[in-house]
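Data block below; observations after.
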Amino acid sequence: MKVSVEADKCVAAGQCVLIAAEVFDQRDEDGVVVLLDETPGPQHHEAVREAALVCPAAAIHLAER
């Protein structure tokens with residue numbers, strides 16, 4: 001799995017961080033998403049998929065390998 005984010009679309013809801021904190025974080029100044037791991041291990045795949053689904057801005061994109 002390869003993860004990418006469109007920071008300019010992010011609305012800083014923080015759902016991704018709540019669901020997959022090992023993969024996503026938020027900038028302190030404005031809460032915009034920060035991608036910590038663009039190729040997370042299999043143990044994180046389910047959480048990352050859920051984070052992408054619940055993102056209100058659809059700013060998280062996944063490419064399954």
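Observations on the structure shown:
- Among the residues of the stretch 1-17, those that are assigned to a helix (DSSP H, G or I) and either in contact with a helix residue (DSSP H, G or I) (Cβ under 8 Å, 6 or more places away or on another chain) or open to solvent by 40 Å² or more (accessible area, probe 1.4 Å) (or both) comprise Gln15, Cys16.
- Among all residues of the stretch 45-64, there is at least one that is in a loop (DSSP other than H, G, I, E, B) and modelled with pLDDT under 95.
- Screening the candidates Ala57, Ala20, Ala52 for the property of being touching a Lys or Arg at 6+ places or on another chain (Cβ under 8 Å), aliphatic (A, V, I, L, M) and surrounded by 14 or more Cβ atoms within 10 Å (Cβ to Cβ) yields one hit, Ala57.
- Pairs linking a residue in the stretch 42-54 that is within 16 Å of Glu6 (Cβ to Cβ) and free of Cβ contacts under 8 Å to residues at least 12 places away in the same chain to a residue that is open to solvent by 30 Å² or more (accessible area, probe 1.4 Å) and among the aromatic types (Phe, Trp, Tyr), with Cβ atoms under 8 Å and 6 or more positions apart or on different chains, do not occur.
- Selection of the stretch 18-37 for residues being acidic (Asp, Glu) and not in a loop (DSSP other than H, G, I, E, B) yields only Asp25.
- Within the stretch 1-26, the set of residues being among the charged types (D, E, K, R), touching a strand residue (DSSP E or B) at 6+ places or on another chain (Cβ under 6 Å) and over 18 Å from Glu64 (Cα atoms) comprises Asp25 only.
- Restricting attention to the stretch 35-47, the residues that are touching a strand residue (DSSP E or B) at 6+ places or on another chain (Cβ under 6 Å) and surrounded by 15 or more Cβ atoms within 10 Å (Cβ to Cβ) total 1.
- Hits in the stretch 36-56 (condition: closer than 17 Å to Gly14 by Cβ and more than 11 Å from the chain's Cα centre (by Cα)): Pro56
The values are calculated or read from the model by the stated rules, or taken from the named source; none is laboratory data. Just so we're clear, the structure is a prediction, and the values are computed from it rather than from any experiment. A quick note on method: Cβ atoms are made from the backbone with ideal geometry, for glycine too, and the neighbour counts reach across all protein chains shown. Each accessible area value is taken on the protein alone, full model and side chains, heavy atoms only, with ligands, DNA and RNA left out. Shrake-Rupley method; radii C 1.70, N 1.55, O 1.52, S 1.80 Å.
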